[in-house]
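None of the figures in this text is laboratory data; all of them are computed from the coordinates on show. Everything quoted here is computed from the prediction, not taken from an experiment. No Cβ is skipped: glycine too gets one built from the backbone with ideal geometry, and neighbour counts run over all protein chains shown.
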Amino acid sequence: MTNLCFKSYTKENWEDALKLKVNKNQKEFCPTIAESLAAAFIKPWDEALDPYLIYLDDLMIGAFYVSYTPNSIDNYWLGGFMIDKNHQNKGYGNKALIEILKFVPKIHPNCKQINLTVEKENKIAQKLYQSLGFEDTSQVNKYGEIIYTLPVFTK
């Protein structure tokens, strides 16, 4: 059985991470790895931003980041989520999201809500997020992206 896990960027893996790519028809929906790393460094939303890589055992297959206000209960944003084009259509996106939804509250115990945004045209992502319980808030951000939210229930 294969295991999905998340790892931080390091001096050993960042160059391989830059090779992760989505399909051409997805490029407008997802930041590149370089853009996500720049956001982690620059922090354009005046929040903490932690980037992660998604691994299937020892194979890097994707990435995401968590942008948040430390110690808040509802300001946790999932962004930059992507599965490399060579590993798509194998169920890894769904499995990775399920694991991310467990991971965020573990590293942020105060988290009671996870948010994300989706381009209006990205119907595949909308369907995926809705299948995992995210709800369309009927609001859009300043970029015209739809805001989705998911309550976090921890034991």
For each of Y55, Y68, count neighbouring Cβ atoms within 10 Å of the residue's Cβ, then give the residues from fewest to most. Y55, Y68
Gain in span if fully extended, K123 to I73, counting 0.36 nm per residue against the direct Cα distance: 15.2 nm
For segment 58-98, list residues with backbone N below 11 Å from a point placed 7 Å from the Cα of K43 toward its Cβ? 68-70
Based on the alpha-carbon set only, what is the convex hull volume of the chain divided per residue, in Å³? 120 Å³
Relative contact order for the chain: what is it in percent, counting Cα pairs under 8 Å that are at least 6 residues apart? 19 percent
Per DSSP H run of at least 4 residues, take -39500 (n - 2.57); add these up for the chain, divide by its residues and hand me the 222 nm value, nearest 500 deg cm²/dmol. -7500 deg cm²/dmol
Report the label-to-label distance for Q130 and E15 in nanometres (one decimal), using points 7 Å from each Cα along the Cα→Cβ vector. 4.4 nm
